[in-house]
C-alpha cells in the first residue's frame with residue numbers, strides 16, 4: 001500500500017514538548033513512620049499453644065460466674081452501653097495474680113506486692129505482732145494445705161493474732177470442701193488448745209503439733225494435771241521419733257505456701273479493707289496457687 005503521509009501513525013496526536021521544569025521540589029513517595037495503619041491481626045495466633053493465658057481462660061470458662069452476671073444492669077434489647085464480660089475481668093485478675101501483680105494501677109499499666117497489713121483506717125484491723133518484731137494494724141490469713149499435692153484446701157481470715165481458735169473451724173472447712181476428714185493434721189504448736197486436741201481425736205484425726213514447753217521445766221511429753229486422755233496421748237505421741245519426722249513436712253508445706261503467697265501472689269499487703277474483702281482476696285490467691293499446682297501436675301483443661 002502506498003504511503004501518503006510522512007507520519008508513521010497519522011491518527012495520533014503529536015507528542016508535546018516537555019515544559020520547562022519549574023523551580024519547585026521534586027514529588028516522591030517516602031516513609032512516614034508516624035502513620036497509623038489498621039492491619040488484620042489474629043490475636044489467638046499471637047499466643048503460643050500452652051501459654052498460661054490460654055489455660056487460665058479455659059479454667060475461667062468453667063467457673064460458676066452467674067452472680068457477676070446478675071449484677072449487670074445492661075440488658076439485651078435495652079439502651080445502654082454493654083458491660084465488660086466478667087469472664088474477661090476474672091481472667092485478667094487471675095493472670096495478674098499469677099504474675100505477682102496486685103495493684104490495679106500496675107495492672108492497667110502492664111495490660112499485658114504489698115504486708116499482711118491493712119490501712120489504719122480499716123475498722124476491722126487489729127494491732128498484731130509482725131515477723132520483724134514490730135506491731136502494726138493487720139488481719140491474719142491462714143491456709144490449710146494438702147501435704148502431698150501442696151494444694152490449698154482451706155482459707156480463713158481473722159483479726160485475731162493467735163491461731164488457737166482456728167484449728168477446729170479449719171478442720172470443719174477442710175471436711176466440707178474435700179468431703180472427708182483429714183487422717184492427720186500438722187499445726188503450729190501455738191495454735192493448739194485443750195478443745196482442739198480433743199476435737200481432733202474425736203474425728204479420728206491424728207494431730208501433729210509440738211506441745212509448748214512448760215515454764216517450770218517439766219517434760220512436755222508428760223501429761224499435765226487435768227489433761228484428757230486425748231491430750232495425754234498427743235503429748236506422748238509428739239515425743240516419738242516418727243511424729244517428729246512427720247512434723248518436718250509442715251515446713252515444706254505450710255511455710256512454703258505462705259512464703260509463696262507473700263512473695264509471688266500479692267498477699268504481702270492487703271489491698272482491700274474489711275475482713276470480708278480480705279477473705280475474698282485470700283481465696284483469690286488460693287485459687288491462683290491451686291491453678292499453678294494443677295498446671296505443674298500436668299492437669300489438662302478443655303480449651304475453647
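The values are calculated or read from the model by the stated rules, or taken from the named source; none is laboratory data. This one's a predicted model, so the numbers in the text were calculated from it and none came from an experiment. Virtual Cβ from ideal backbone geometry, glycine too; neighbours counted across all protein chains shown.
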| said: Which residue is nearest to residue 259 (Cα to Cα), if the candidates are limited to the stretch 152-178 and must be under 21 Å from the mean Cα position of the chain (by Cα) and outside any helix (DSSP H, G or I)? | reply: 152
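The rows are residues; the columns are (1) at pLDDT 75 or above; (2) farther than 19 Å from residue 96 by Cα; (3) surrounded by 10 or more Cβ atoms within 10 Å (Cβ to Cβ).
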| position | (1), (2), (3) |
| --- | --- |
| 23 | no, yes, no |
| 26 | no, yes, no |
| 33 | yes, yes, no |
| 37 | no, yes, no |
| 41 | no, yes, no |
| 50 | no, no, no |
| 55 | yes, no, yes |
| 61 | yes, no, yes |
| task | Answer yes if at least one residue in the stretch 211-233 is part of a helix (DSSP H, G or I) and exposed (fewer than 12 other Cβ atoms within 10 Å of the Cβ), and no otherwise. | result | yes
| said: Taking the criterion of being part of a helix (DSSP H, G or I), surrounded by fewer than 16 Cβ atoms within 10 Å (Cβ to Cβ), under 11 Å from the mean Cα position of the chain (by Cα) and at pLDDT 85 or above, would at least one residue in the stretch 281-301 satisfy it? | reply: yes
| What about residue 273, is it over 23 Å from residue 59 (Cβ atoms) and not in a helix (DSSP H, G or I)? | yes
| message | Quick check on the stretch 179-192. Is at least one of its residues in a loop (DSSP other than H, G, I, E, B), exposed (fewer than 12 other Cβ atoms within 10 Å of the Cβ), touching a helix residue (DSSP H, G or I) at 6+ places or on another chain (Cβ under 9 Å) and at pLDDT 85 or above? | response | yes
| task | Of the conditions (1) surrounded by 15 or more Cβ atoms within 10 Å (Cβ to Cβ); (2) at pLDDT 90 or above; (3) over 21 Å from residue 238 (Cα atoms), residue 172 clears all except one; give me its number. | result | (1)
| said: Restricting to the stretch 63-74, name every residue that is over 20 Å from residue 291 (Cβ atoms) and surrounded by 10 or more Cβ atoms within 10 Å (Cβ to Cβ). | reply: 69, 72, 74
| Residue count, the stretch 136-149 (criterion: surrounded by fewer than 19 Cβ atoms within 10 Å (Cβ to Cβ) and in a loop (DSSP other than H, G, I, E, B)) | 4
